[in-house]
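Below is one structure, written out as structure tokens; the observations come after it.
The values are calculated or read from the model by the stated rules, or taken from the named source; none is laboratory data. Everything numeric here is computed off the predicted structure, so don't read it as measured data. Neighbour counts are summed over all protein chains in view; Cβ atoms, including those assigned to glycine, are modelled from backbone coordinates with ideal geometry. In case anyone asks, the SASA skips ligands and DNA or RNA and just uses the protein heavy atoms, side chains included. Shrake-Rupley method; radii C 1.70, N 1.55, O 1.52, S 1.80 Å.
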Amino acid sequence: RFFWEDRRSFGMWRDFRKRWGIAKGSGWSMEHLIIKQRWYRTVGKKPPFFAYGTRMNRIMQGLGDAGWNVMPVKGWFNTWLYHNTGVSWALSGGVYAGGGYGLYKLWDYALEPLRDPPATAPAPVPPAAR
């Protein structure tokens with residue numbers, strides 16, 4: 001479910017609440033980072049980009065509701081992001097850039113023991129000894 005959410009309803013939020021013991025109505029919701037929920041579900045009176053049930057609508061819903069695309073935030077903040085599209089995109093970019101940098105540093109740290117430490121490299125031969 002991290003890469004593809006195959007349920008018809010948005011079950012990610014229900015799973016998150018159950019795992020972390022968050023009561024229903026506690027003010028938390030899920031921010032859709034890249035594929036916005038309003039693109040494949042009706043929000044207010046605006047219909048989605050593609051008609052319900054079409055292949056593209058199901059693809060957008062499967063990717064949009066997947067774990068890589070959602071982040072828990074307080075409900076008021078999520079509403080504010082909905083009305084401030086530029087800030088929403090900046091947050092999304094920051095989340096993915098920070099995650100990418102974190103993975104890069106983790107990979108670098110994991111490979112550190114495999115590198116030759118400078119003290120074990122052979123010393124250069126002085127020119128006079130040749």
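Which one is nearest to S29 (Cα to Cα) among residues in the stretch 51-73 that are hydrophobic (A, V, I, L, M, F, W, C) and over 15 Å from the mean Cα position of the chain (by Cα)? Spell out the reasoning first.
First, the residues of the stretch 51-73 that are hydrophobic (A, V, I, L, M, F, W, C): 51, 56, 59-60, 63, 66, 68, 70-71, 73.
Add one more test, that the residue is over 15 Å from the mean Cα position of the chain (by Cα), and what stays is 51, 56, 59-60.
Values: A51: 25, M56: 25, I59: 22, M60: 19 Å.
Per the stated criteria, the residue is M60.
Does the stretch 60-117 hold any residues that are part of a loop (DSSP other than H, G, I, E, B) and open to solvent by 60 Å² or more (accessible area, probe 1.4 Å), and which are they? Lay out the reasoning, then the answer.
Taking the stretch 60-117 first, the residues part of a loop (DSSP other than H, G, I, E, B) are 65-66, 84, 115-117.
Answer for the stretch 60-117, where residues must be part of a loop (DSSP other than H, G, I, E, B) and open to solvent by 60 Å² or more (accessible area, probe 1.4 Å): R115, D116, P117.
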Worksheet item: (1) over 24 Å from W4 (Cα atoms); (2) loosely packed, with under 10 Cβ neighbours inside 10 Å: which one isn't true of R55, the others all being true?
Response: (1)
Item to complete: Search the stretch 30-50 for residues being at pLDDT below 80 and in a strand (DSSP E or B), and hand back the single one that is farthest from the chain's Cα centre (by Cα).
Response: K46
Fill in: Single residue of the stretch 83-107 satisfying the filter (aliphatic (A, V, I, L, M) and free of Cβ contacts under 8 Å to residues at least 24 places away in the same chain) that is farthest from V73 (Cα to Cα)
L106
